[in-house]
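*Asks:* Could you have a look at this structure, given as structure tokens, before my questions?
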Amino acid sequence: MKRVKDTDFFVKKIREVREFEFGFFYYFEGLVISEIHEGVTFSWQMGKRAIEAAHEIFGKDNPVAYISNRVNSYQVVAKDWSKFYHNRHQLDFYSVVGNTQGSFASLVLERLFFQYGIRQFSDLEEAITWSLSNIKSRKASA
């Protein structure tokens, strides 16, 4: 699978990269792409740190698309999505890039807790195109 750094989009559009002990987060205009490290159990506390970074970079009032680029095998604490919304955080668009059985199983669980649709892709660049198109549409209608 392709990593964010291997795309032309990274070279042309990156605003900031944040490395946490649990993974890399790439911040573009209105778009966040994560690559979580192998074997991590990704929890609310970890996600909260990435969200706080997004607010620093984008502000709190702009639409945000999130792409989980699952280049490594890891687990998501799906029930933590309720904490995400309880704390008034919102993703406008969420997609997952991955084609492994584990990625699919995690996605099924996440869909139970994420109140909006999660889009699945097998190609990172397709996910980026979809996300940017939706962000643009959302900004135009605002």
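The values are calculated or read from the model by the stated rules, or taken from the named source; none is laboratory data. Remember, it's a predicted structure, so these values are computed and weren't measured experimentally. Glycine also receives a Cβ, built like all others from the backbone with ideal geometry; neighbour counts cover every protein chain displayed.
*Asks:* Kindly check whether there is at least one residue in segment 10-24 that is closer than 19 Å to residue 136 by Cα, exposed (fewer than 12 other Cβ atoms within 10 Å of the Cβ) and basic (Lys, Arg).
*Replies:* yes
*Asks:* Does residue 82 fit the bill of being modelled with pLDDT under 80 and under 20 Å from residue 3 (Cβ atoms)?
*Replies:* No, not satisfied.
For (1) modelled with pLDDT under 95; (2) closer than 19 Å to residue 130 by Cβ, each residue gets a yes or a no:
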| residue | (1), (2) |
| --- | --- |
| 27 | no, yes |
| 55 | yes, no |
| 59 | yes, no |
| 63 | yes, yes |
